[in-house]
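**Student:** Take a look at this one; I'll ask things after.
The values are calculated or read from the model by the stated rules, or taken from the named source; none is laboratory data. The shown structure was predicted, so the numbers you read here are calculated from the model rather than taken from an experiment. Quick reminder, even Gly has a Cβ in these numbers, built from the backbone with ideal geometry, and neighbours come from all protein chains shown. All accessible areas refer to the heavy atoms of the entire protein, side chains included, with ligands and DNA or RNA removed. Shrake-Rupley method; radii C 1.70, N 1.55, O 1.52, S 1.80 Å.
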Amino acid sequence: MNKTVFITGVTAGIGAATARKFVSEGWQVVGTGRRRDRLDELATELGDFFYPMMLDMRCPDDFGPARDALPERYRGIDLLLNNAGLAPPMSNLQDAGQEPLDVVIDTNVTGLVALTRTLLPRLIERKGAIINLSSVAATYPYRGGAVYAGSKAFVRQFGLGLRCDLAGTGVRVTSIEPGMVETEFTLVRTGGDQSASDALYANMDPMTAQDIAETIWWVATLPPHLNINAIELMPTTQSWAGFAVHRH
Ligand code: 8X3
């Protein structure tokens with residue numbers, strides 16, 4: 001029987017690269033997204049092993065019906081990859097509007113919790129696994145990223161707490177915490193400014209979506225007795241700066 005991975009935010013970046021990786025290894029993929037054209041393209045590319053699902057992470061009322069409408073062969077879920085997420089345009093909170101922050105919290109936090117709750121019975125049935133996409137921002141704060149960093153710290157701690165709740169079920173939970181990965185993520189963060197996005201990645205050899213997909217594959221295929229709690233990854237060129245000190 002083929003294993004099944006459920007991937008949120010499959011239409012770009014890490015989600016799409018992971019879908020390709022798992023299909024190439026013989027898994028079935030249920031992939032969610034909001035963009036019909038992108039889902040259709042992936043379905044054409046990945047064929048019979050890919051089930052596209054239109055789903056907006058900000059509409060949790062849709063999650064139960066979407067799960068219940070899955071075709072029989074996709075009913076069992078071995079792995080949930082909570083990948084859908086975004087960062088608002090970089091801005092100090094005192095200069096930010098509320099709406100973009102709500103989108104981030106609804107997607108990265110509320111939607112992720114609701115979807116995980118919805119799929120947990122299926123994951124428990126299969127002694128499956130959950131892999132959550134957090135970020136180095138969960139641990140290392142930076143200016144202009146308070147809400148994003150807070151949402152990713154939530155994701156990390158949510159996963160650790162979930163491990164406690166799931167004790168004895170055999171379900172594993174892992175937090176993947178990347179630094180700079182070159183994907184559309186940064187285009188969203190820069191408000192769609194391609195040159196600003198390109199400048200962020202210029203001359204620094206960022207990680208690729210494929211790098212993260214390979215890491216996810218490694219975590220997902222470890223023996224069942226082994227749980228990776230968290231993995232932090234950065235490009236070699238990325239490290240930390242010191243504390244900022246404001247002097248009056
Ligand atoms: C984003 C990580 O390092 O690009 O999740 O800000 S970083």
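**Student:** Can you list the lysines whose alpha carbon is less than 20 Å from that of Lys127, not counting same-chain residues fewer than 8 positions off?
**Tutor:** Lys3
**Student:** State the answer as a single residue: which of Gly168, Gln238, Pro178 lies farthest towards the positive end of the charge dipole of region 127-240, with beta carbon charges of +1 for Lys and Arg and -1 for Asp and Glu, about the Cα centre.
**Tutor:** Of the listed residues, the answer is Gly168.
**Student:** Something else about it: Taking a ≥ b ≥ c as the square roots of the eigenvalues of the Cα gyration tensor of region 127-173, is the shape rounded (a/c under 1.5), prolate (a/b larger than b/c) or oblate?
**Tutor:** Here region 127-173 falls in the prolate category.
**Student:** For the chain, find the longest principal axis of its Cα atoms and tell me its angle to the long axis of helix 13-24, 0 to 90°, nearest 10.
**Tutor:** On a 0 to 90 degree scale, this one is about 30.
**Student:** So, in nm, how far is label Phe49 from label Thr169 when the simple model puts each one 7 Å beyond its Cα toward the Cβ?
**Tutor:** Calculated label separation equals 2.7 nm.
**Student:** Whole number in Å², please: accessible area per residue of region 108-208, 1.4 Å probe, ligands, DNA and RNA not counted.
**Tutor:** Working: 4450 Å² over 101 residues.
Heavy-atom SASA per residue in region 108-208 reads 44 Å².
**Student:** Counting Lys +1, Arg +1, Asp -1, Glu -1, what net charge surrounds Arg156 among other residues with beta carbon under 11 Å of its beta carbon? Can you show the working numbers first?
**Tutor:** On the way: positive: Lys152; negative: Glu177, Glu232.
That works out to -1.
**Student:** Of all the accessible heavy-atom surface of region 96-158, with the other protein chains kept in place and a 1.4 Å probe, what percent is carbon and sulfur? The partial results should precede the final answer.
**Tutor:** Values: 1570 of 2680 Å².
Ligands and nucleic acids excluded, carbon and sulfur give 59 percent.
**Student:** Measure off, as a whole percent, the carbon and sulfur share of the 1.4 Å-probe accessible area of region 195-248, all protein chains present. List each step's numbers first, then the result.
**Tutor:** Numbers: 2210 of 3830 Å².
Taking all protein chains in place, region 195-248 shows 58 percent carbon and sulfur surface.
**Student:** Label region 1-81 by shape, choosing from rounded, prolate and oblate, from the square roots a ≥ b ≥ c of the eigenvalues of the Cα gyration tensor; if a/c is under 1.5 it is rounded, and otherwise prolate applies when a/b is larger than b/c, oblate when it is not.
**Tutor:** Details: a/c = 1.63, a/b = 1.13, b/c = 1.44.
Taking the square roots of the gyration eigenvalues as a ≥ b ≥ c, region 1-81 is oblate.
**Student:** Taking the chain as the reference, fit the longest principal axis to its C-alpha atoms, fit the long axis of helix 209-220 to the helix C-alpha atoms, and give the angle between the two in degrees, 0 to 90, nearest 10.
**Tutor:** It works out to around 50 degrees.
**Student:** How would region 180-248 be classified by its alpha-carbon gyration tensor: rounded, prolate or oblate, with rounded meaning a/c under 1.5 and the a/b versus b/c comparison settling the rest? All intermediate terms of the calculation are to be shown ahead of the outcome.
**Tutor:** On the way: a/c = 2.66, a/b = 1.51, b/c = 1.76.
Oblate, since a/c reaches 1.5 and b/c is not below a/b.
**Student:** Which value in deg cm²/dmol, rounded to the nearest 500, describes the helix-derived mean residue ellipticity at 222 nm for the chain, given -39,500 (n - 2.57) per DSSP H run of n ≥ 4 and division by the residue count? Mind showing how you got there, number by number?
**Tutor:** Details: 9 runs with 96 residues, N = 248.
Result for the chain: -11500 deg cm²/dmol, rounded to the nearest 500.
**Student:** If you line up the long axis of helix 36-46 against the longest principal axis of the chain, both from Cα atoms, how many degrees apart are they, to the nearest 10?
**Tutor:** With rounding to tens, the tilt is 60 degrees.
**Student:** Now for a different question. For region 78-183, what size does the Cα cloud have along each of its three principal axes, sorted from largest down, in whole Å?
**Tutor:** Rounded to whole Å, the extents work out to 46, 25, 24 Å.
**Student:** Which value, in debye to the nearest 20, gives the size of the charge dipole of region 152-206 about its Cα centre, when Lys and Arg are +1 and Asp and Glu are -1 at the Cβ?
**Tutor:** Details: 5 positive and 7 negative charges, 87 e Å.
About 420 debye.
**Student:** OK, next. Only four residue types carry charge here, +1 at the Cβ of Lys and Arg and -1 at the Cβ of Asp and Glu. Report the dipole size of the chain about the Cα centre in Debye, rounded to the nearest 20.
**Tutor:** Working: 22 positive and 27 negative charges, 147 e Å.
Charge dipole of the chain: 700 debye, to the nearest 20.
**Student:** Can you work out D for the chain in µm² s⁻¹ from Stokes-Einstein, where Rh is the Kirkwood radius over C-alpha pairs, the temperature is 20 °C and the viscosity is 1.002 mPa s? Mind dumping the intermediate values first?
**Tutor:** Numbers: Rh = 18.6 Å.
Reported coefficient: 115 µm²/s.
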